[in-house]
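Report on one structure; see the data block that follows.
The values are calculated or read from the model by the stated rules, or taken from the named source; none is laboratory data. Fair warning: this is a prediction, and the values are worked out from it, not measured in the lab. Note: ideal-geometry Cβ built from the backbone for every residue, glycine included; neighbour counts use all protein chains shown. These accessible areas exclude ligands, DNA and RNA; they are computed on the full protein's heavy atoms, side chains included. Shrake-Rupley method; radii C 1.70, N 1.55, O 1.52, S 1.80 Å.
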Amino acid sequence: MYTEKVMDHFTNPRNVGEIENASGVGTVGNAKCGDIMRIYLDIDEAGIINDVKFKTFGCGAAVATSSMATELVKGKTVNEALQITNKAVMEALDGLPPVKVHCSLLAEEAIHAALWDYAEKKGILIEGLERPKSDIHEEEESVEY
Amino acid sequence: MEKKIYLDNAATTKTRPEVVEAMLPFFADFYGNPSSVYEFATQNKKAIDDSRSIIAKAMGADISEIYFTGSGTEADNWALKATVDAYASKGNHIITSKIEHHAILHTCEYLQKHGVEVTYVDVDENGIIKLDQLEKAIRPTTVLISVMFANNEIGTIQPMKEIGAIAKKHNVLFHTDAVQAFGQLDINVNDLNIDMMSASAHKLNGPKGIGFLYIRKGVKIRSMIHGGGQERQRRAGTENVPSIVGYGKAVEIAMATMKDRTEKELKLRDRLMKRVLEEIPFVRVNGDKIRRLPNNANFSFQFIEGESLLIMLDMNHICASSGSACTSGSLDPSHVLLAIGLPHEIAHGSLRLTVSDEITEEDIDYTVDRIKEIVDKLRKMSPLYEDFMKKK
């Protein structure tokens, strides 16, 4: 069901943990839907993401997308991190099953939420960053029988 | 093949070698169509009748009351749709429970779209149907009560005798989905006043793709599959002879081994439950502790999600299942776990383990050891656990 890369990132997730006094923390998703992602960013004065950690409650794809997302933003500038889309996360994992695409959206949202928190704490405006949605499932359809 | 520990016997079971052996001659040797007149085919007819007789006897029914179907799901569909059809002059109301299998629930949803009224009766925190609510739900237009014998997820066994008595008192037909119970529990359709009962072969070490519907003599029920005159003209289609033969063999063995087998399963299951409850914090058992299928254990591990747990168990060659949304292909976790009152996040962290008599104590111990490690690993990754520990 999952690609080798997804399995690799699920079983050996990179950057699991917390950052004390993080520059930005973002939590998205909800327990009702079965996935919650939290991303911690440590951003230096030059706007470079020096460190990133995550914690995720969710399925294999949720853990793998969080792990991959942290790898993708590490060492990047805030603006570069903002450009990382769910598609990029999925591609880096060699794809996700269709029912798991929302996990990659959640990862993108988690990065945005952490950046939003950083911007709020610093009192700056990051161009192109919108207030993150807390629930990414709003627009999904239900199955009819 | 690498050794695997198969703890998903509620999903399906291994077809017993004796069953396979009984089936084999009916593929290439005795392949005649049972409806044909010549001698070569009539022995197939006899083989079907022998199986039907074994199954009827196992539940106190008459041979003429067993109708083979392609699955338990088909039997459920048939029981509901055809009863509604046949008793339309009496009414259009069905009563069922909130924790039925989807074969019942989705059929009910379909029927509702076609004008049938359905009452879904609540269950208590252990999954036992609320009998007072059930009785109150009966209307003059109620044509059928359908309540599962034992639940596939949490293993809870329903008070069948009481439900049967209520149905009889109010002159309403009583159907039960006994897919999980048949072959595991003693069932007598007369003692329990069951009018219709669905079952499936692959849950009791028989082949997949064969089930039956028991229909008590006198119950009006229409045919759902139209065609030839098979199954007393109620279920058309050339009989699946090898599978019917296999089903008979599986039931024969299941009935003969029931006592010893379930005793062994109980012992294994209880060891599993005891160790998990004693050795892992923040865990609960779902389902009734006593009125429960002997092979079923169902846990909820707080702060973690079921699919992650399943994949990690799978990497340790342990086969299990979960009521998490991710495993159901929808966003909601198991309707059964929600109906017994679990909050969503607890329902997402559920794990069902169903043992068989081929499992050993060593298998159970190995499994518990792995669960402990995996739950610990996933909790260390969980923001819910982090928040909980910080609040403490």
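Principal-axis analysis of the Cα atoms of chain A puts helix A:60-73 at an angle of about 30° to the longest axis.
For the pair the range B:1-49 / the range B:284-328, the C-alpha centres are spaced 32 Å from each other. Dividing the radius of gyration of the alpha carbons in the range B:1-82 by their Kirkwood radius gives 1.05 for Rg/Rh. For the range B:378-392, 3J(HN,Hα) computed residue by residue from phi via the Karplus equation (6.51, -1.76, 1.60; θ = phi - 60°) reads 5, 5, 5, 9, 8, x, 5, 5, 4, 4, 4, 5, 5, 6, 4 Hz, glycine and proline entered as x.
Only Lys, Arg, Asp and Glu carry charge here, each on its Cβ (+1 for the first two, -1 for the last two); on that basis the range B:1-156 has a dipole of about 140 debye about its Cα centre. Of the residues A:Pro97, A:Pro13, A:Pro132, the one that moves most in a GNM of chain A with alpha-carbon contacts below 10 Å is A:Pro97.
I want to verify a result. In a Gaussian network model of chain B, Cα cutoff 10 Å, which of these has the top mean-square fluctuation: B:Gly218, B:Gly227, B:Gly237? In this elastic network of chain B, the residue with the biggest mean-square fluctuation among B:Gly218, B:Gly227, B:Gly237 is B:Gly218.
Between the range A:17-85 and the range B:54-93, the C-alpha centres lie 55 angstrom from each other. Taken about its Cα centre, the range B:132-235 carries a charge dipole of about 540 debye when Lys and Arg each add +1 at the Cβ and Asp and Glu each add -1 at the Cβ.
For B:Ser322, the residues 5 or more places off, or on other chains, whose built amide H falls under 5 Å of its own are B:Arg352.
Beyond 25 Å in Cα-Cα separation lie the following of the pairs B:Lys161/B:Lys259; A:Lys32/A:Lys122; B:Lys98/B:Lys161; B:Lys14/B:Lys45; A:Lys32/B:Lys98; A:Lys32/A:Lys133: A:Lys32/A:Lys122; B:Lys14/B:Lys45. Estimated translational diffusion coefficient (Stokes-Einstein, Kirkwood radius over Cα pairs, 20 °C, 1.002 mPa s) of the range B:206-325: 115 µm² per second. Given the options B:Ile95, B:Met224, B:Val143, identify the residue whose Cα lies farthest towards the positive end of the charge dipole of the protein assembly as shown (+1 on Cβ of Lys, Arg; -1 on Cβ of Asp, Glu). So the residue we want is B:Val143. For B:Asp177, the amide hydrogen comes within under 5 Å of the amide hydrogens of B:Val147, B:Met148, B:Phe149, B:Ser198, counting only partners 5 or more places away or on other chains and with H modelled in the peptide plane.
Expressed in Å, the radius of gyration and Dmax of the Cα atoms of chain B are 21.9, 79. Atom-type composition of the exposed protein surface of chain B places 53 percent of the accessible area on carbon and sulfur (1.4 angstrom probe).
Volume of the convex hull of the protein assembly as shown (Cα atoms only), normalised per residue: 167 Å³.
Taken over the Cα atoms of the range A:11-145, the convex hull encloses 108 Å³ per residue. Extension gain for B:Glu109-B:Ala88 works out to 5.8 nm (0.36 nm per residue, less the C-alpha to C-alpha distance). Largest GNM mean-square fluctuation across B:Lys57, B:Lys161, B:Lys380, computed for chain B with C-alpha springs under 10 Å, falls on B:Lys380. Only the Cβ atoms of Lys and Arg (+1) and of Asp and Glu (-1) were treated as charged; on that basis the dipole of the range B:163-311 about its Cα centre amounts to roughly 460 debye.
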